[in-house]
1. Within the range 1-49, can you find the residues that are under 16 Å from the mean Cα position of the chain (by Cα) and charged (D, E, K, R)?
2. For the range 1-50, name all the residues that are over 16 Å from Arg87 (Cβ atoms) and in contact (Cβ under 8 Å) with a residue 24 or more places away in the chain.
3. Which residues, counting only those in the range 33-89, are at pLDDT 70 or above, acidic (Asp, Glu) and closer than 30 Å to Ser23 by Cβ?
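The values are calculated or read from the model by the stated rules, or taken from the named source; none is laboratory data. Just so you know, these numbers come straight off a predicted model, no measurement behind them. No Cβ is skipped: glycine too gets one built from the backbone with ideal geometry, and neighbour counts run over all protein chains shown.
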Amino acid sequence: MQFIVGTIVLMNFLIAVVGNSFSDCMAKREAQTLKVKVDMIFEREYIMNEKELKNHQHFPQYILVRRPIETSDRDTTHLEHMTTMLRDT
């Protein structure tokens, strides 16, 4: 009986560890994806000539940001976490 309970406890622990690792990998993947996009934008702007840099279609005066009207604390924490991950990569 102890063997069965011990096996179940160890399997539960293993599932928790693997789930946590997967969650960390997904967060890092999302941060890395955003970083690659930023790098691509920077590279494109770097090779633009003076005329293209002054084109208002490429660089509008305003940037529209959409976000939900109601945000939970979890959403704010996730945004802060993503910002930290981007800085670290």
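1. Within the range 1-49, Asp24, Lys28, Arg29, Glu30, Lys35, Lys37, Asp39 qualify.
2. Hits for the range 1-50: nothing passes.
3. If the condition is that a residue be at pLDDT 70 or above, acidic (Asp, Glu) and closer than 30 Å to Ser23 by Cβ, then Asp39, Glu80 are the ones that fit.
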